[in-house]
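One structure below.
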Amino acid sequence: MSVYTAVKARAESLSISIAELEKRAEVANGTIGGWKTGQPYAETLRKVADVLGCTVNELQDEAKAQEGE
């Protein structure tokens, strides 16, 4: 699982669209979608994690855990 997939799963569990998440985190439209193929900047990921109510480490751990499945 990529960081994108972990973020998307968290957002869906909170009934937040990716567009709404980007707005609440005050990041540019399309930023999170770009994580499908690239890696996020640490500060941007922190902003997103804050909105999702988790830590950056939790998102990264979720991504790594899914890679092993």
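Of the helices (runs of 4 or more DSSP H) lying entirely inside the chain, the ones with 2 or more residues being touching a residue at least 40 places away in the same chain (Cβ under 8 Å) and open to solvent by less than 30 Å² (accessible area, probe 1.4 Å) are found at 3-13, 42-52, 56-67. For the range 18-52, the set of residues classified as more than 16 Å from residue 5 (Cα to Cα) and of a type in the set (Gly, Ala, Ser) consists of 25, 28, 42, listed by residue number.
The values are calculated or read from the model by the stated rules, or taken from the named source; none is laboratory data. Predicted model, so just to flag it, every value in this text is computed and none were measured. Using ideal geometry, Cβ is built from the backbone for each residue, glycine included, and neighbour counts are taken over all protein chains shown. Surface accessibility is based on the protein's heavy atoms, side chains included, excluding ligands, DNA and RNA. Shrake-Rupley method; radii C 1.70, N 1.55, O 1.52, S 1.80 Å.
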